[in-house]
Amino acid sequence: MPEDLNETLHFTKNWQQQLAEAFNDIEGLCHYLRLSVNDLPVSVAAAENFPLRVPLSFAASMQKGNPNDPLLRQVLPIKNELFAYPGFSNDPVGDLASTTQTGVLHKYHGRVLFINTGSCAINCRYCFRRNFPYADLQLSKQNENAGIQYIQDNPDISEVILSGGDPLLLSDTRLAKLVTQLNAIPHLKRIRIHTRLPIVLPARITDGLINTLTQSTKQMVIVVHCNHANEISPRVITAFKLLRNRGITLFNQSVLLKDVNDNVAVLCELSEQLFGQGIIPYYLHLLDKATGTGHFEVSETVAIDLIKQVQATLPGYLVPKLVTEQAGALSKQTIL
């Protein structure tokens, strides 16, 4: 069957089927992109440490035949992941010290992060939780109820952030239960969801999902993770529109990544494209120094110079805050 016909058939399937057909081996992804494995610095050992996983909907936005494609660089396991970079560790932002046995991370005043799953639709090679012990924190029914109780028992908590992994990998039924439980907590004002699925698996944004989210009596905020304008495909635009048209507030946070988006023109185009879809460019993160990610690092000095040039080019509302996260700090640290 011709490749383009295969793609057409793939995108008629539901999101679970599309996820099941994601690329999970280096050779398969390279073959699709018309690249030779022998011409790339790929590493099977790196893929064994942190498996490759890339939905076709994301791979379809890559430029075929381009070994330096910025989207490919985000997902391809390479030898540099095996290097030991000074200052990099398995817990770069101190999550473990702030994690309760219920899967709740309580690091900052007024808000908690609720770990709902360890799974993602895509394995980004720069992930700061790539070494996180999710197996020890998977939410059993008992732990989930204990997490809800923790939030109920702390009236200073006004916002719950559903995270993971990617919380939108949960079924609509599971999400509906969480929303119902959180609706019942009077001191909560907002539910925030951090997700990459509208970008990498836009088929997940279904009417059923949106109906589930909009049943919330709390303000619903979704923070998407988009690092490059090339990620915003027509399917992604459709997903954004579905969310926006139902009154869900949308923000974006990016990670500053070497040879992906460490370029003024690329950052400006990303902000323009996001805002054109009704999404506020919120954060530009310096890389969290997780083991296996050192080759993505952009120095703070270079980052400051980049954001200054972005400020000189774009109106202020299109300039994301340049931030870094430090273990033990009371909030994310704004640079500049």
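The values are calculated or read from the model by the stated rules, or taken from the named source; none is laboratory data. Predicted, not measured: the structure shown is a model, and the values here were computed from it. All Cβ positions, glycine included, derive from the backbone under ideal geometry; neighbour counts span all protein chains shown.
In the range 211-218, the condition of being touching a Ser or Thr at 6+ places or on another chain (Cβ under 7 Å), at pLDDT 95 or above and in the same structural domain as PHE251 (by TED's automatic domain parsing) is met by no residue. Scanning the range 303-326 turns up at least one residue that is surrounded by fewer than 17 Cβ atoms within 10 Å (Cβ to Cβ), farther than 27 Å from LEU213 by Cα and touching a Gly at 6+ places or on another chain (Cβ under 9 Å). Considering LEU267, LEU242, the condition of being buried (at least 21 other Cβ atoms within 10 Å of the Cβ) and in a helix (DSSP H, G or I) is satisfied by LEU267 alone. Of all residues in the range 175-184, those that are hydrophobic (A, V, I, L, M, F, W, C) and either without any contact (Cβ under 8 Å) to a residue 12 or more places away in the chain or not in a helix (DSSP H, G or I) (or both) total 1. What do you reckon, is HIS187 more than 30 Å from VAL266 (Cα to Cα) and outside any helix (DSSP H, G or I)? In short, yes.
Only one of the listed residues (ALA176, ALA239) is in the same structural domain as GLN149 (by TED's automatic domain parsing) and within 19 Å of the chain's Cα centre (by Cα). That residue is ALA239.
The number of residues in the range 16-62 that are surrounded by 14 or more Cβ atoms within 10 Å (Cβ to Cβ), part of a loop (DSSP other than H, G, I, E, B) and either touching an Asp or Glu at 6+ places or on another chain (Cβ under 6 Å) or of a type in the set (Ser, Thr, Tyr) (or both) comes to 3.
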